[in-house]
Amino acid sequence: MDFHAQSNISFIRHKIHELEKFTEKKRPFTRLVFSKEFYEARVWLKDEYLKLGLSVSTDEAGNLIGTLNSKINTDKIIIVGSHIDTVPSGGKFDGIAGVVAALCLIKHIKDNDINLPFNLAVYDYLGEELNDWGISCIGTRGMIGALNQEILSRGNSSGNILKDEINKIGGNSKSLTKPLPTIKNILACLELHIEQGKILEQKKLDIGIVRSIPSISRFNVEVNGQAGHSGTILMDQRADALVASSEIITFINKLALILSQESNQHFVSTIGKITVSPNAAAIIPGKVEMTIDLRSSSKSSREQYIKELEEKIELMNKTGTCKIDMNNIAYAPFVEMDKELVKLFKDSANSCGLTNQIMDSGAGHDTAQLSRLVPAAMIFIPCKGGLSHCPEEHAEILDISKGTAVLLKMVENLAMLNRA
Ligand code: GLV
Ligand code: MN
Ligand code: MN
């Protein structure tokens, strides 16, 4: 595939441009899972699948699938997928680049009448981004049977229950506590994604071949103090929930810095979501809720962090004026990508004449969930300044086209390996 070909470049540019229109108008680029904009984008995507002559379906986990059926009669599937949902005020490329690359790949295969010994399915995995229900990768967790009743029964801030939303979009929430039957037919899951970091750009490399994806843990922390008049309650008589929270925020920031330096492995911790109640200038904060997002490629550093944080909270509960509770709300384990697929991706990038490097992911991905049960691997393409999860996120169309060429070579290599 000629990645410089104007037809591919225009196709990719055009599709990204069309998708970016499905956003909350006042908060570009925001297409939260199950929102009006998300439903509209899915109608668009379904239409794209149909225009490419794919058969369209939604699986039990709510993933939107377009399948190019093999001319031979087979159940075997190769999936090329990513996601079209975004974080609030996110970018135009996170997830979207992978879905558009998959569409371009299918177009090339159809235009060139390439026969494959397996069915090739494009997946828009449902709700990859962390959402108001406190869970990411809904569609891929559902595929592998990793959504339990507690998660499915969660309500969001508007009281909408997750399982009702999954059912409304065409899924079947009753089937998601064990792996879906399709899992046994999957030969490989492939994903193209922007790097969301700076390594490829700094080293001027075309392609990153992902070797591992860190564990992700999320904790809700609730700090209960006592609201009161900011003018009359003296300083030594307060139970200020925000002041106690700030002590936790500073504590984990320092702890994560130390652990990341000690382990020399990927280790980052963030509090990016915090709600202060009642959030008024003349009232002492009575309650704070915040979410800790912890990512680690080291089991022992993760355990050390949780132990030290629990001890800190215990001490603050004993000696402070606020009551602090911490709950684990989500966990995805550290995973390594399928070694054969990593090697094949490397060979594929090399035969496309593209510079590449094997690397570890800092972000979480649907491919991490899938890799727990089926052979899965992914590639990164550069993104400007490593910026992601913000409107400034940018990837060059040529770089997406290069990644698409690697996906194609990969599919051709897998076809060769799987021919009877
Ligand atoms: C996915 O976007 C993540 O939060 O890593
Ligand atoms: Mn993503
Ligand atoms: Mn993301």
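The values are calculated or read from the model by the stated rules, or taken from the named source; none is laboratory data. None of these values were measured; they are calculated from a predicted model. As a convention, Cβ positions derive from the backbone with ideal geometry for all residues, glycine included, and neighbour counts pool all protein chains shown. To get the accessible areas, we keep the full protein, side chains included, count just its heavy atoms, and leave off ligands, DNA and RNA. Shrake-Rupley method; radii C 1.70, N 1.55, O 1.52, S 1.80 Å.
One table, with the values for the structure above:
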quantity	calculated
Estimated dipole of the chain in Debye, rounded to 20 [Cβ of Lys and Arg +1, of Asp and Glu -1, Cα centre]	440
14 Å Cα-Cα reach of LYS339 towards aspartates and glutamates, excluding residues that sit fewer than 8 places from it in its own chain	ASP347, ASP360
Convex hull per residue volume in Å³, alpha carbons only, for segment 271-314	75
Kyte-Doolittle mean at least 1.0, axial Cα span of 27 Å or more - DSSP H helices of the chain	241-263
Segment 1-50: translational diffusion in µm²/s, Stokes-Einstein, Kirkwood Rh over Cα pairs, 37 °C, 0.692 mPa s	272
Using a Förster distance of 45 Å, the FRET efficiency for ALA281-ILE199 (Cβ separation, nearest 0.05)	0.55
Inverse of mean 1/r across different Cα pairs in segment 130-259, Kirkwood, Å	19.6
Values of log10 I(q)/I(0), in the order q = 0.09, 0.11, 0.14, 0.17 Å⁻¹, for segment 55-196 under a Debye, Cα-only, solvent-free model	-0.29, -0.43, -0.68, -0.95
Nitroxide proxy distance, nm - points 7 Å out along Cα→Cβ at ILE233 and THR270	3.2
Inter-site label distance for GLN261 and ASN328 at 7 Å from Cα along Cβ, in nm	2.8
Count of Lys pairs (Cα-Cα under 15 Å; at least 8 positions apart or interchain) in segment 1-117	13
Nearest-10 value in Å² for the accessible area of SER388, using the 1.4 Å probe	30
Segment 343-420 - charge dipole about Cα centre, Lys and Arg +1 at Cβ, Asp and Glu -1, debye rounded to 20	360
Convex hull (Cα only) mean projected area of the chain, reported in nm² to one decimal	21.0
Size of segment 337-420 as Cα extents on the principal axes (Å, biggest first)	47, 30, 18
Computed [θ] at 222 nm, deg cm²/dmol, the chain (DSSP H ≥ 4; -39,500 (n - 2.57); rounded to nearest 500)	-11500 deg cm²/dmol
5 angstrom amide H check on ASN119, placed H, neighbours 5+ away	SER70, LYS76, ILE77, ILE78
Volume per residue that the Cα convex hull of segment 280-399 spans, once the total is divided by residue count, Å³	170
Cα-centred dipole magnitude for segment 257-354, charges only on beta-carbon of K, R (+1) and D, E (-1), debye, nearest 20	180
